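The values are calculated or read from the model by the stated rules, or taken from the named source; none is laboratory data. Computed from a prediction, not measured in an experiment: that's the story for all the values here. Cβ sites come from the backbone with ideal geometry, for glycine too, and all protein chains shown count toward neighbours.
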Amino acid sequence: MNDQRPIKVLFTSAEAEPFYKVGGLGDYAGSLPIALKNFFSGLNLDLDIRVVLPLHEKKSIKQFNLEQSFSLVIQGKGQTNECKVFEKNIDGITHYFIRQVQPALASEAIYGEDQYLTAYKFALFSVTVLQMIKKLDWVPDIIHTNDWHTALINHLVRSKRTEPVQKPATILTIHNMPFMGYGSEPVLSEFGVVPCAEDAFPAWAQNLPLPMGIAAADQIVAVSPSYADELKTSYFAYGLENYFLAHPEKLTGIINGIDYDRWDPRTDTDITCQFSEENLNARIENKKALFDEIGFEFDLDSPLLVVISRLESQKGIDLILDALSETADLNWKAVILGSGHHGYEYAFRALERILPNKLHAMMEYNPLLAKKLYASGDMILMPSLYEPCGLSQMIAMRYGCIPIAHAVGGLKDSITTMPEINRTGFLFKPATKTSFIRCLKKSIKTFNDQKKWRRIQINAMQKDFSWRQSAASYAEIYKSLARLVLK
Ligand code: ADP
């Protein structure tokens, strides 16, 4: 490979900050391309990385000041589709946006409620990405896809190959295994996509975007080393474990980083008072301001427990509801910020009525409030049943808010509990109410020893959760794939 020639990478995702974000995928896709570009330029190598996203909301065209480049017509079996391609350079990276114009059925929500239309949106997006490349006169050496929404691209690329590895090589990052693109079968048939024939898969998986992408990708990345191990077991791999057991060389685990400029308590102007590990006393001002805002009487003795989460069963929300109800006699206060499953929203509101001066429920998605909670919470509760990586615990630690988490996936990989002197958080297992409550009580006891607690906060704030190391690991994969296709 000639190192002077830039490696061209097309990075695709359903969401990416600052444009669209629902959860950690948005953080990831908004920050990894920049981290990779910086990493390569630090080596005096050029990386030509470009990003392509669906244009979910029509209003984004004005909002982000996007310029239309061209239109594409994609012929399905039953209907003709028209997509428009828009462009914008941000942070030195070209971003393309694909808007489904005809049929005008796409939901404005990133992940709509209608399974068929959501499957249609992402299948059409995937097919259009490959048409867009032809029109651009810019052929990527590597296409990097993320989760089921874009995994069909790996399959489409593979099915056109005449040799085992051919440009573009493809990588698929798995952020959330159980979401495989269910309900996509009729849509794939509409676009003439042939199911994959992979013996290690159960029959039902051969016609779903995520498994098809897994079988077709040249390299697969799980978003933490522990998740890569977990994917070799049936509990976490939902029937695809035999594939990972049979192809261990294809699967690596790389923990996500967070954007250290975006998440920095020293410079964060969204919080009341900036702080660092050297002046943790200033942090208290944030708690005071939050308590004022929500009408809680301020007290320094009760730890403030925060939850900042999608309200889905994956996140262990049942455990949170149970543990808070059963430990209401302890001296904590809690603020819950979350949206999602209506049953959970209702349950938190009901608990708020029972514990009015102790628990405050904010059932919404609100990035500004999230920052205020990271900056003022003493502990963040993350009893997730599974957690491929998890970013909230890393952001929380950066802000001195200590995670109480189930020892699983990326939570296990990012939270240190041993030796005691290096502790950055508290882990428990198994994921039961009893062990969660035991861990919560242990952390509250530790909180009461403020000297010890300060040590834990400082440890947490000093840990490096930036993209530095993980971007280097991705860069190694890019370089080795580029060597295969750039001969
Ligand atoms: P997941 O991607 O599974 O939702 P992560 O921990 O990887 O979980 O990432 C969650 C991201 O979404 C974090 O940036 C977190 O701050 C943010 N987030 C989650 N819930 C909310 C909310 N209700 N309001 C604002 N931000 C939220």
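Suppose we keep only residues that are surrounded by fewer than 14 Cβ atoms within 10 Å (Cβ to Cβ) and free of Cβ contacts under 8 Å to residues at least 12 places away in the same chain within segment 77-113. Which one would you say is nearest to Glu67 (Cα to Cα)?
Asn89
Sort through Val221, Val187, Val194 and tell me the only one that's in a loop (DSSP other than H, G, I, E, B) and either in contact with a Lys or Arg (Cβ under 9 Å, 6 or more places away or on another chain) or among the aliphatic types (A, V, I, L, M) (or both).
Numbers: Val221 fails: in a loop (DSSP other than H, G, I, E, B); Val187 fails: in a loop (DSSP other than H, G, I, E, B).
Only one candidate qualifies: Val194.
Does segment 354-372 include one or more residues that are over 29 Å from Tyr260 (Cα atoms) and part of a helix (DSSP H, G or I)?
Yes, segment 354-372 contains a residue that is over 29 Å from Tyr260 (Cα atoms) and part of a helix (DSSP H, G or I).
Answer yes or no as to whether Asp147 is assigned by TED's automatic domain parsing to the domain that holds Phe236, among the charged types (D, E, K, R), surrounded by 21 or more Cβ atoms within 10 Å (Cβ to Cβ) and over 20 Å from Tyr243 (Cα atoms).
no
Are any residues in segment 238-277 within 19 Å of the chain's Cα centre (by Cα) and among the aromatic types (Phe, Trp, Tyr), and if so, which ones?
Matches in segment 238-277: Tyr260, Trp263.
Could you tell me whether any residue of segment 269-277 is modelled with pLDDT under 95 and either closer than 30 Å to Ser480 by Cα or of a type outside the set (Gly, Ala, Ser) (or both)?
Step one: list which residues in segment 269-277 are modelled with pLDDT under 95, which gives none.
No, because not a single residue in segment 269-277 is modelled with pLDDT under 95 and either closer than 30 Å to Ser480 by Cα or of a type outside the set (Gly, Ala, Ser) (or both).
Among the numbered criteria (1) surrounded by fewer than 23 Cβ atoms within 10 Å (Cβ to Cβ); (2) closer than 16 Å to Ile142 by Cβ, which one does Pro18 miss?
Of the numbered conditions (1) surrounded by fewer than 23 Cβ atoms within 10 Å (Cβ to Cβ); (2) closer than 16 Å to Ile142 by Cβ, the odd one out for Pro18 is (2).
Hey, could you check segment 335-386 for residues that are of a type in the set (Phe, Trp, Tyr) and farther than 12 Å from Ile320 by Cβ and say which is nearest to the ligand (Cβ to nearest atom)? Full working, then the answer.
Quick first cut of segment 335-386, residues of a type in the set (Phe, Trp, Tyr) only: 344, 346, 348, 365, 374, 386.
Still in the list and also farther than 12 Å from Ile320 by Cβ: 346, 365, 374, 386.
Values: Tyr346: 16, Tyr365: 4, Tyr374: 7, Tyr386: 10 Å.
So, considering only residues that are of a type in the set (Phe, Trp, Tyr) and farther than 12 Å from Ile320 by Cβ, the one nearest to the ligand (Cβ to nearest atom) is Tyr365.
Which number in (1) away from the ligand (no atom under 16 Å from the Cβ); (2) surrounded by fewer than 18 Cβ atoms within 10 Å (Cβ to Cβ); (3) of a type in the set (A, V, I, L, M, F, W, C) marks the one condition that Leu188 misses?
That leaves (2) as the condition not met.
Given the residues Val85, Val73, which is the only one that is farther than 25 Å from Tyr474 by Cα and touching an Asp or Glu at 6+ places or on another chain (Cβ under 7 Å)? Break it down into steps so the answer makes sense when it comes.
Working: Val85 fails: touching an Asp or Glu at 6+ places or on another chain (Cβ under 7 Å).
When all the criteria are applied, what remains is Val73.
Does Gly390 satisfy the condition of being at pLDDT 95 or above, surrounded by 24 or more Cβ atoms within 10 Å (Cβ to Cβ) and closer than 24 Å to Ile254 by Cα?
Criteria met by Gly390.
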